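Below: the structure, in structure tokens.
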Amino acid sequence: DAKTTQPTSMDCAEGRAANLPCNHSTISGNEYVYWYRQIHSQGPQYIIHGLKNNETNEMASLIITEDRKSSTLILPHATLRDTAVYYCILYNFNKFYFGSGTKLNVKP
Amino acid sequence: GAVVSQHPSWVICKSGTSVKIECRSLDFQATTMFWYRQFPKQSLMLMATSNEGSKATYEQGVEKDKFLINHASLTLSTLTVTSAHPEDSSFYICSARDSSHLKRHNYGYTFGSGTRLTVV
């Protein structure tokens, strides 16, 4: 039931910005875009969410295109501890269905 | 922030026995909790929705008699894997949402740290 498409994996140099894309071309008007990450053998951790405006918090920024068919999660200064699987999820206050996510490898 | 506690964090059981996993919301009430299963190198698969005071609803293909869910209070849901077999070995994760979600900027769900089940 996942309605998002993400690259399988990405590499990022430590200290550089990590930009993780997500396609959600069938998003409906009441669906939010949520991002979670899962560090190995742990439960998913909330990062950020948005509806149509760009959002920023202490962890990341979320850029949503005007047509809402895609979004990008930005980690401004990636560290080794940001190595994880990042999930982009569409949510309409019903259930969270996880797609396959992007494995982000942050390298020294 | 909202905290969800899962217990145990890992368990090993013999084939044919039953195992109970607990999911507690520590500082909030949750009328709804979700149970996921994750196999190695795979994504989380939603198994069922646990509803306080009523029957759980299961996703297609999940055996409700195999995975018994009880949500007896606003802070506790349990998943019992009955007559466990080696193919039930997996990482089980629960999540819950603060029923008073409007007070927090995070409108989403908080996840537990997971339970690693190994059936031998």
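With chain A treated as a Gaussian network of Cα nodes joined by springs under 10 Å, which of A:Asn53, A:Asn30, A:Asn94 yields the largest mean-square fluctuation?
Highest fluctuation of the listed residues: A:Asn94.
Compare the Cα positions of A:Tyr87, A:Thr56, A:Gly29 along the charge dipole of chain A (+1 at Cβ of Lys, Arg; -1 at Cβ of Asp, Glu; about the Cα centre) and return the one farthest towards the positive end.
A:Tyr87
Please identify every one of the GluC sites (Glu not before Pro) in the stretch A:1-104 that sits in a loop by DSSP and has no more than 12 other beta carbons within 10 Å of its own beta carbon. All intermediate terms of the calculation are to be shown ahead of the outcome.
Working: sites: A:Glu14, A:Glu31, A:Glu55, A:Glu58, A:Glu66; in loops: A:Glu14, A:Glu31, A:Glu58, A:Glu66.
Filter output for the stretch A:1-104: A:Glu58, A:Glu66.
Isolated Cys in chain B by the 4.7 Å beta carbon test?
So, B:Cys13.
Hey, could you get me the Stokes-Einstein D for the stretch B:11-119, Kirkwood radius over alpha-carbon pairs, 25 °C and 0.890 mPa s, rounded to whole µm² s⁻¹? Numbers along the way, then the final one.
Details: Rh = 14.2 Å.
After rounding, the answer is 173 µm²/s.
For chain B, set up a Gaussian network in which alpha carbons nearer than 10 Å are linked by springs, and say which option among B:Ser43, B:Ser18, B:Ser90 fluctuates the most.
So, out of B:Ser43, B:Ser18, B:Ser90, the one fluctuating most is B:Ser43.
Averaged over all directions, how much area does the convex hull of the C-alpha atoms of the stretch A:3-108 cover when projected, in nm²? Kindly include the intermediate steps, with their values, before the conclusion.
Values: hull surface 24.7 nm².
Answer in nm², one decimal: 6.2.
What Cys residues in chain A have no fellow cysteine's beta-carbon under 4.7 angstrom?
That list is A:Cys12.
Top mean-square fluctuation among A:Tyr97, A:Tyr87, A:Tyr36, Gaussian network model of chain A, C-alpha springs under 10 Å?
Highest fluctuation of the listed residues: A:Tyr97.
I'd like to know which of B:Ser73, B:Ser113, B:Gln60 lies farthest towards the positive end of the charge dipole of chain B, counting +1 on Cβ of Lys and Arg and -1 on Cβ of Asp and Glu.
The residue sitting farthest along the positive end of the dipole is B:Ser113.
If you take the beta carbon distance between A:Ile63 and A:Glu14 as r and set R0 to 25 Å, what does 1/(1 + (r/R0)^6) give as a FRET efficiency, to the nearest 0.05? Working shown, then result.
Working: r = 22 Å, r/R0 = 0.89.
Calculated value: 0.70.
Just counting partner chain Cβ atoms within 10 Å, what average do the residues of peptide A:93-105 show around their Cβ? Walk me through the numbers before you get to the answer.
On the way: counts 4, 2, 8, 9, 6, 7, 2, 2, 3, 0, 1, 0, 0.
Partner Cβ neighbours, averaged per residue: 3.
Read-outs: derived from the displayed coordinates by stated rules, not from any lab. The model shown is predicted, which means the values in this text are computed figures rather than measured ones. For neighbour counting, all protein chains shown are included, and Cβ atoms are generated from backbone atoms with ideal geometry for every residue, glycine included.
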